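> Quick one: the structure is below, and I'll ask about it shortly.
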Amino acid sequence: MALSHKKIAKWYLQVAQTLESGVSLPAALDTCLGAPAPGRRLMSNNLQSGMDVDEMLKRAPAWFPKKDRFFWSAAVHSGRLPQTLRTLSDQHERMGAAKMKLAFGALYPVGMLTFAGFVLPIMWGIDFEKGVSSLSDVFNPQYFATVAIIEGSLWGTIGLLLLLAKIESPILPMLAKLLPGFRGHSRNQALADFSYALAAFLEAGTPIGKAWAGAGMVTNQTKFKQAGTAMRERIEDGATPSEHLTKHRCFPEDFRSLYTTGEKTGQLEKNLVVLGQQYQQNANGSMTFASILYPLLMFGAIAAVLVFAIIRFYASYLDGITGLME
């Protein structure tokens, strides 16, 4: 059973507060509510039996986010788990808000498309010259076949998109690049995820080269993965990330500027969190734009079809009157 971002955020915050009060990690996992009890107790029992943290995380229940396990491991080994959990809690809170906005934004266009799938075949099936003598003239096998094709295509596509999102397929970001609004959301969300992830890794005490590679993996986008891997290699050769940021076009000017400033002033983690917040706001703004644009386009398309049907009806009606007069 998967947990929502909101529930994960609350549980992480509760565990962080419990650890800060002096309670051990096994006891915190066992007592902090919000996540399924069997999974919490399993992790707690594994730690109490002497299992190391990394092995415990590998055997964690399915609802435990796989990406977060890297942060937990690094934070436990560095002794910074409470701070890291607070950062992760904030990140999940923002991600949950973004997904909620996306879901509500999709309700209207999906509803309009579903409605159109039942109504438009009626208009297409009406013979305006002969008229309609009974309901069987409209609700015939051809009508139900057309509805099945339209609704099946619509909901099959929605189901496929949800599946791609669930398995975190890289195909979804590629599709998003083709659509205005979603293109901006995908880019800004990836930058927000990368900034938050890099800040969390560094806060957890992860070596900077490994942190860059890990943050690239978190975004699930090829260009960020490649940038993270390449940056790790350059860092291991003795270079600093700011020296090579311009070589990776996926990082905009504001990212390069704040990263370089943070690197020089010792405020890198703080600057990365600020960048994550800014990009998350931009991503949410792009989603708001998309949630307005596409319903309007859908409404316009359906209205155009209705106008065409009305014009067709009156044209047939006038042709009939003209024929009688002749």
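The values are calculated or read from the model by the stated rules, or taken from the named source; none is laboratory data. Only a predicted model underlies this, so the values are computations on that prediction, with no experimental measurement involved. Methodologically, a virtual Cβ is constructed for each residue, glycine included, from the backbone with ideal geometry; neighbour enumeration extends over all protein chains shown.
> Cβ contacts < 7 Å: first residue under 16 Å from Phe64 (Cα atoms) and part of a loop (DSSP other than H, G, I, E, B), restricted to region 24-52; second residue at pLDDT 95 or above and among the hydroxyl-bearing types (Ser, Thr, Tyr), any location; separation 6+ or different chain. Result?
Partner pairs satisfying both residue conditions: Cys32/Thr18.
> Another question, if that's okay. Would you say Arg69 is surrounded by fewer than 17 Cβ atoms within 10 Å (Cβ to Cβ) and modelled with pLDDT under 90? Reasoning before the result, please.
Numbers: surrounded by fewer than 17 Cβ atoms within 10 Å (Cβ to Cβ): yes; modelled with pLDDT under 90: yes.
So Arg69 passes the test.
> Okay, next question. Restricting to region 176-201, give me the number of residues that are more than 19 Å from Pro295 (Cβ to Cβ) and loosely packed, with under 15 Cβ neighbours inside 10 Å. I'd like the intermediate steps shown before the answer.
Our first condition is that a residue be more than 19 Å from Pro295 (Cβ to Cβ); within region 176-201, this holds for 177, 186-201.
The next check asks that each one be loosely packed, with under 15 Cβ neighbours inside 10 Å; those that pass are 177.
Number of matching residues: 1.
> Sticking with this structure for a sec: Quickly run through region 202-220 and pick out the residues that are of a type in the set (S, T, N, Q) and buried (at least 23 other Cβ atoms within 10 Å of the Cβ).
Thr206, Thr219
> Still on this model: Given the residues Phe224, Phe182, which is the only one that is in contact with a helix residue (DSSP H, G or I) (Cβ under 6 Å, 6 or more places away or on another chain) and more than 21 Å from Glu243 (Cα to Cα)?
Phe182
> When you look at Thr84, is it over 27 Å from Gln189 (Cα atoms), among the β-branched types (Val, Ile, Thr) and in contact (Cβ under 8 Å) with a residue 12 or more places away in the chain, yes or no? Break it down into steps so the answer makes sense when it comes.
Numbers: over 27 Å from Gln189 (Cα atoms): no; among the β-branched types (Val, Ile, Thr): yes; in contact (Cβ under 8 Å) with a residue 12 or more places away in the chain: yes.
For Thr84, the condition - over 27 Å from Gln189 (Cα atoms), among the β-branched types (Val, Ile, Thr) and in contact (Cβ under 8 Å) with a residue 12 or more places away in the chain - is not met.
> Something else now. For region 56-81, which positions are part of a helix (DSSP H, G or I) and either in contact with a Cys (Cβ under 8 Å, 6 or more places away or on another chain) or more than 14 Å from Pro26 (Cα to Cα) (or both)?
Lys58, Lys66, Lys67, Asp68, Arg69, Phe70, Phe71, Ser73, Ala74, Ala75, His77, Ser78
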